[in-house]
1. Rounded to two decimal places and with Rh computed the Kirkwood way over Cα pairs, what is Rg over Rh for region 1-71?
2. Gain in length, residue 3 to residue 42, computed as 0.36 nm per residue apart minus the alpha-carbon separation, to one decimal in nm?
3. What value does the chain have for Rg/Rh, both radii from Cα atoms and Rh as Kirkwood defines it?
4. Using θ = phi - 60° and the Karplus relation 6.51 cos²θ - 1.76 cosθ + 1.60, list the HN-Hα couplings for region 107-113 in order, rounded to whole Hz, with x at every Gly or Pro.
5. Can you show me the helix-derived [θ] at 222 nm for the chain, built from DSSP H runs with n ≥ 4 at -39,500 (n - 2.57) apiece and divided by the number of residues, rounded to the nearest 500.
6. Could you give the length gained on full extension between residue 62 and residue 76, defined as 0.36 nm per residue of separation minus the Cα-Cα distance, in nm?
7. Give me a comma-separated list of calculated 3J(HN,Hα) values for region 115-124, in order, Karplus coefficients 6.51, -1.76, 1.60 applied at θ = phi - 60°, integers in Hz, x for any Gly or Pro.
8. Working from Cα positions, state the angle (0 to 90°, nearest 10) between the long axis of helix 14-24 and the longest principal axis of the chain.
Amino acid sequence: MDVLTHLMFQDGTAHEAVRRYVDLIPGSSIDEVVGPDGTGQLLRFTLAGRPFIAFDSPPVHDFGFTPATSNYLLCDTPEDVDRVFAGLSDGGAVLMPVGEYDFNARYGWCTDRYGVSWQVGLSD
């Protein structure tokens with residue numbers, strides 16, 4: 001048995017979003033693209049060594065992503081936290097700015113331009 005994180009996009013931006021994530025996050029790759037002419041309706045990809053699936057939903061639903069469920073990235077250096085957070089939050093919304101918090105020496109929380117929630121922190 002395996003558990004995969006699944007991101008369902010409502011606006012046809014799955015391929016664009018996955019390319020952005022793979023470019024920003026070390027140890028990431030697009031592993032499979034399924035769809036007419038490689039449009040990327042379904043993408044299997046790896047972020048920082050973890051498997052993900054992204055999907056452009058053919059029927060558009062009346063819901064999107066919520067910050068109640070986040071992807072949590074742990075970075076090796078404060079510079080990585082800053083770089084990844086800046087890239088993910090560009091065009092999105094900052095929920096907690098990068099800074100020092102009781103639970104993490106360098107941490108920020110945002111939703112990206114696609115509505116996906118990300119928490120980016122410094123690894124112990």
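Just so it is clear, none of the values below were taken in a lab; they were calculated from the coordinates. Keep in mind the model is a prediction, meaning the values are calculated, not measured. All Cβ positions, even for glycine, are placed from backbone atoms using ideal geometry, and neighbour counts span all protein chains on display.
1. Values: Rg = 12.0 Å, Rh = 12.6 Å.
Ratio value, two decimals: 0.96.
2. Additional length available on full extension: 12.4 nm.
3. Rg/Rh: 0.98.
4. Each residue of region 107-113 in turn: 8, x, 9, 8, 10, 7, 5 Hz.
5. Numbers: 2 runs with 23 residues, N = 124.
When only DSSP H runs of four or more count, the value is -5500 deg cm²/dmol.
6. Working: separation 14, 0.36 × 14 = 5.04 nm, distance 3.78 nm.
Fully extending the segment from residue 62 to residue 76 adds 1.3 nm.
7. Result, rounded to whole Hz: x, 7, 8, 10, 10, 10, x, 7, 5, 4.
8. In the chain, helix 14-24 runs at an angle near 30 degrees to the longest axis.
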